Amino acid sequence: MEGLDHQFHINCDASEIGRYVIIPGDPDRVPAIAALLDDAHPVVRVREFNVYTGHLLGEQVTVCSSGIGGPSASIAMEELHNMGADTFIRCGTCGGIDLDVSAGDVVVAKASVRYEHTSREYAPIEYPAAADLDITLALREASEELGYRTHVGVAQCKDSFYGQHDPKKSPVSYELLNLWEAWKRLKVKCSEMESAALFVVADAIGARCGACFHVIWNQEREAAGLPQDRIMDTSAAVRVSVEAMKKVIEADRRKGR
């Protein structure tokens, strides 16, 4: 917004924001990510936006939470970009859809289903929500090197958490259930709530974005009677995000970017 010395929501100085940003949803996950940076310190905490900045390989790196969903995630990305950030990794959680995806696995999204509304205010629905290729490859490589069971594929991005988990009570249950069956048949890997918005917004503003997710559980495996746990420890996705960002920084240096 014009006439403001600071951004409307993330109220801090641009000098405190790095070019490289890791975006979790949960504000309480920010310190865990920041602990893997060098010299990390808190910058500001307002609403859902908890911001720390430190360094990786000598480059300033920021961690900023976004809360839940596309609207607040897009605000975070736009305001961080206004302060100089141009490279983003989404570090989130998800529920599995494909039966091969188990709790505790890591999913790297190469693209996302735009079953949310935020991205429609940035691009027509025909425009794909695709992750940056270089960041996606860095995330896959980091996850595999760290020894995590890794899946690369399409994520479903939605606005309603309970539209997924209790669709039968919705007046539009017919739509929710039919589309869910389509995602299953298309081998969509997982379901979450921010990636499509972030991928499209990044393209709209000229930034780069990739995403990885910790799988909490898979309701389809549960329904099929397959072994299924609920794993809340998100440290795998945290470590993957940080190691992948190092790879992105190194690649940028090699390319003189």
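Bear in mind these aren't lab numbers, they're just calculated from the coordinates by the rules spelled out. Worth saying up front: this structure is predicted, and the values here are computed from it rather than measured. Heads up, the Cβs are rebuilt from the backbone with ideal geometry, glycines too, and the neighbour counts pull from every protein chain shown.
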- Task: Could you list, in sequence order, all residues of the range 200-215 that are surrounded by fewer than 19 Cβ atoms within 10 Å (Cβ to Cβ) and either of a type in the set (A, V, I, L, M) or without any contact (Cβ under 8 Å) to a residue 12 or more places away in the chain (or both)?
- Result: Ala204, Ile205
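When you go through Arg221, Arg253 one by one, which is the residue that is of a type in the set (D, E, K, R), more than 16 Å from the chain's Cα centre (by Cα), surrounded by 19 or more Cβ atoms within 10 Å (Cβ to Cβ) and farther than 19 Å from Gly92 by Cβ?
On the way: Arg253 fails: surrounded by 19 or more Cβ atoms within 10 Å (Cβ to Cβ).
Just one listed residue meets the conditions, Arg221.
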- Message: If I filter the range 165-185 for residues that are touching a residue at least 24 places away in the same chain (Cβ under 8 Å) and under 18 Å from the mean Cα position of the chain (by Cα), do I get at least one hit?
- Response: no
- Task: Examine the range 154-163 for a residue that is out of contact with any His (no Cβ under 7 Å at 6 or more places or on another chain), under 22 Å from Ile75 (Cβ atoms) and charged (D, E, K, R), and state whether such a residue exists.
- Result: yes
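Report, by residue number, each residue of the range 216-229 that is hydrophobic (A, V, I, L, M, F, W, C) and touching a residue at least 12 places away in the same chain (Cβ under 8 Å). So that I can check it myself, show each step before the final result.
Going through the range 216-229, the residues hydrophobic (A, V, I, L, M, F, W, C) turn out to be 216-217, 223-224, 226.
Matches in the range 216-229: Ile216, Trp217, Ala224, Leu226.
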- Item | Within the range 85-143, considering residues that are free of Cβ contacts under 8 Å to residues at least 40 places away in the same chain, part of a helix (DSSP H, G or I) and touching a helix residue (DSSP H, G or I) at 6+ places or on another chain (Cβ under 9 Å), the one nearest to His214 (Cα to Cα) | Arg140
- Residue, surrounded by the most Cβ atoms within 10 Å (Cβ to Cβ), within the range 146-156, restricted to residues that are touching a residue at least 40 places away in the same chain (Cβ under 8 Å) and over 16 Å from Lys184 (Cβ atoms): Thr150
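Condition first: more than 18 Å from Ala196 (Cβ to Cβ) and not basic (Lys, Arg). Can you find one or more residues in the range 64-78 that meet it? Quick ask: steps written out before the conclusion?
Start the filter on the range 64-78 by keeping residues that are more than 18 Å from Ala196 (Cβ to Cβ), which leaves 64-65.
Still in the running and not basic (Lys, Arg): 64-65.
Within the range 64-78, one or more residues are more than 18 Å from Ala196 (Cβ to Cβ) and not basic (Lys, Arg).
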- Message: Take the conditions surrounded by fewer than 19 Cβ atoms within 10 Å (Cβ to Cβ) and touching a Gly at 6+ places or on another chain (Cβ under 9 Å) and apply them to Asp86. Does it pass?
- Response: yes
- From Val21, Val51, which residue is touching a residue at least 60 places away in the same chain (Cβ under 8 Å), surrounded by 22 or more Cβ atoms within 10 Å (Cβ to Cβ), touching a Cys at 6+ places or on another chain (Cβ under 7 Å) and of a type outside the set (Lys, Arg)? Val21
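Within the range 33-44, which residues are surrounded by 16 or more Cβ atoms within 10 Å (Cβ to Cβ) and out of contact with any Leu (no Cβ under 7 Å at 6 or more places or on another chain)?
Residues of the range 33-44 that are surrounded by 16 or more Cβ atoms within 10 Å (Cβ to Cβ), as a first pass: 33-34, 36-37, 40, 43-44.
If the condition is that a residue be surrounded by 16 or more Cβ atoms within 10 Å (Cβ to Cβ) and out of contact with any Leu (no Cβ under 7 Å at 6 or more places or on another chain), then Ile33, Ala34, Leu36, Ala40, Val43, Val44 are the ones that fit.
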